[in-house]
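To start, the structure under review is shown below, and the notes come after it.
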Amino acid sequence: AVVSIKSALAGAHAIGSEVTVRGWVRTRRDSKAGLSFVNLSDGSCFDPIQIVAPNTLPNYDSEVLRLSAGCGVIATGTVVESQGKGQSFEIQASTIEVTGFVDDPETYPIQPKPHSMEFLREVAHLRPRTNIFGAITRVRHCLAQAVHRFFHENGYYWINTPIITTSDAEGAGQMFRVSTLDLANLPRTDKGAIDHSKDFFGKEAFLTVSGQLNVEAYCLALSKVYTFGPTFRAENSQTSRHLAEFWMIEPEIAFADLAADADLAEALLKYVFKAVLEERGDDMAFFAERVEKTAITRLESFINAPFARIDYSEAVKILQNSGKSFEFPVEWGMDLQTEHERYLVEQHVGRPAVVMNYPEHIKAFYMRLNDDGKTVAAMDILAPGIGEIVGGSQREERLDLLDARMAKMGIDPVHYQWYRDLRRYGTVPHAGFGLGFERLVVYTCGLANIRDAIPYPRVPGHAEF
Ligand code: ATP
Ligand code: MG
Ligand code: MG
Ligand code: MG
């Protein structure tokens, strides 16, 4: 029977039974006694399995002795107890079929030695064959599954919001334009300007920067919903925590305020970290050993500590009294920068924190105005080691106040009639947040750069593979 290496290593197949495993060679070692030991990996678990190939195999000299890292192999043999330490079972091969050799093993990019993350980004199509990208991929999968499970168990529906949109969500000014047009044949007005009325969608369209506005409409009918999909921002700065294409988890809850919103985010984060520790112990042990010493312990403390809750105004005072000289000096009214966020959680609070009630003028038009008239019911969740991982708010459900904010921010309500309808037809208080999925992966694995948290990173200057 064809079995996964995971099940073979876990002892799911009786000693003496015949199994077939299939995968890619990690290493080959030959003994003087006429045996070769081939470590084979199929991605089903962290460890490879050892295939013991005797020189009595008909293709031993012609093929087995040519196996090198990366070769594709189908091996059949008997399950035996392993003599080597660290491994419980191995396979005594009766046949080894090589489906593909590696051309020129000396120049094969993935050698059995540590490679720098920078180098591996240049071979994004081969990096999944390394230990670290195998582990990241499995953890990413586990996190995504846990996200869906959490929402399903709590009565939320998954809504697929559009990727192409004509709304610019927050007037973010960082969008990618979608066009079907051949640049050489752009329709022009008589004045020579691009005539967008001839665009495929009738007006200028963009890749979405957030599914929130769309998911709000479903929230105001189905009560508990979330969207989880790709999001695009033409971030022009090169940072270790921004991608041009990333995935975002955006729940929206009806009849909820900011406190309920923060509670939901806290419960979600704890749930998914718990799932990773339970289900991906092998990969997490690798991260703790090779990538970030505290990879496991910090998730454990994340799960166990209640998040701190701090008012933005209080956070500003803490930062001002910190005696630290920041690159950007702190004053009330400014958005907090990564250096401030990290100082707050790492030096001051010592655990994740929800910062709430930001100044109105730095936040999006849809956030609910507080009674003080100066702040909105917005929150960011900050994690030690990374800073912001969640941004959320209670939404402005009162039409007059929404209109006033849009006017103040110079947003033309003409583009938001459908969104205004939600306030005209049975409005209710509601709240939601956005959690950047890759920031979650970065944090979980202890990675230094978000480009390693997604299979094919898109950043300024890079969209190949
Ligand atoms: P930042 O301040 O880090 O630029 P933001 O405030 O612009 O983030 P939001 O609009 O609040 O981000 O989006 C919600 C979440 O999406 C953020 O908390 C973060 O986790 C994630 N996120 C935002 N921009 C990016 C990006 N360019 N790449 C990856 N994740 C992102
Ligand atoms: Mg941003
Ligand atoms: Mg921010
Ligand atoms: Mg934010």
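The values are calculated or read from the model by the stated rules, or taken from the named source; none is laboratory data. Bear in mind the structure is a predicted one, so any value in this text is a computation, not a measurement. We place every Cβ from the backbone using ideal geometry, glycine too, and count neighbours over all the protein chains shown. We work out accessible area using only protein heavy atoms, side chains counted, and drop any ligands, DNA or RNA first. Shrake-Rupley method; radii C 1.70, N 1.55, O 1.52, S 1.80 Å.
Summary of values
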{"item": "Segment 352-422: chymotrypsin sites (Phe, Trp or Tyr not before Pro) in DSSP coil with no more than 12 other Cβ atoms inside 10 Å", "result": "none"}
{"item": "Between segment 416-457 and segment 238-284, the alpha-carbon center distance in angstrom", "result": "9 Å"}
{"item": "Solvent-accessible area per residue for the chain (1.4 angstrom probe, square angstrom)", "result": "47 Å²"}
{"item": "Pairwise centroid distance, computed over Cα atoms, of segment 202-234 with segment 1-75, Å", "result": "47 Å"}
{"item": "Over 26 Å between alpha carbons, listed pairs K224/K363; K270/K324; K270/K374", "result": "K270/K324; K270/K374"}
{"item": "Alpha carbon centroid spacing (whole Å) that separates segment 307-364 from segment 82-111", "result": "52 Å"}
{"item": "Share antiparallel - DSSP beta bridges, the chain, percent rounded to 5", "result": "85 percent"}
{"item": "Percent accessible area from carbon and sulfur atoms, the chain, protein chains only, probe 1.4 Å", "result": "52 percent"}
{"item": "Lysines whose Cα lies under 22 Å from that of K85, excluding same-chain neighbours fewer than 8 positions away", "result": "K6, K32, K113"}
{"item": "Selected from A124, A463, V38, residue furthest toward positive end of dipole (the chain; charges at beta carbon)", "result": "V38"}
{"item": "Length gained when the stretch D103-E300 is fully extended (0.36 nm per residue, less Cα-Cα span)", "result": "66.5 nm"}
{"item": "Total formal charge among the other residues, if their Cβ is under 14 angstrom from that of R140, Lys/Arg +1 and Asp/Glu -1", "result": "+1"}
{"item": "Packing-based order for 83-95, 203-215, 334-346, using average beta carbon neighbours within 10 Å, highest first", "result": "203-215, 334-346, 83-95"}
{"item": "Hydrodynamic radius of the chain per Kirkwood, over alpha carbon pairs, in Å", "result": "25.3 Å"}
{"item": "Simple label model, 7 Å out from Cα along Cβ direction - Q174 to F326, nm", "result": "1.7 nm"}
{"item": "Burial order of peptide ranges 304-316, 275-287, 350-362, 436-448 (average beta-carbon count within 10 Å, highest first)", "result": "436-448, 350-362, 275-287, 304-316"}
{"item": "Estimated dipole of the chain in Debye, rounded to 20 [Cβ of Lys and Arg +1, of Asp and Glu -1, Cα centre]", "result": "400 debye"}
{"item": "Virtual spin-label span in nm between S17 and M334, 7 Å along Cα→Cβ", "result": "6.5 nm"}
{"item": "K6/E204 FRET efficiency (R0 60 Å; Cβ-Cβ; nearest 0.05)", "result": "0.75"}
{"item": "Cβ crowding within 10 Å averaged over residues, with 428-435, 119-126 ranked highest first", "result": "428-435, 119-126"}
{"item": "Considering only segment 309-385, percent of DSSP beta bridges that pair antiparallel, nearest 5", "result": "70 percent"}
{"item": "Two-site FRET efficiency, Q111 against Q238, from Cβ-Cβ distance with R₀ of 22 Å, rounded to 0.05", "result": "0.20"}
{"item": "Net lengthening on full extension, I194/L65 (0.36 nm per residue, minus Cα-Cα)", "result": "40.1 nm"}
{"item": "Calculated FRET value between R424 and H148, using beta carbons and R₀ = 51 Å, to 0.05", "result": "0.95"}
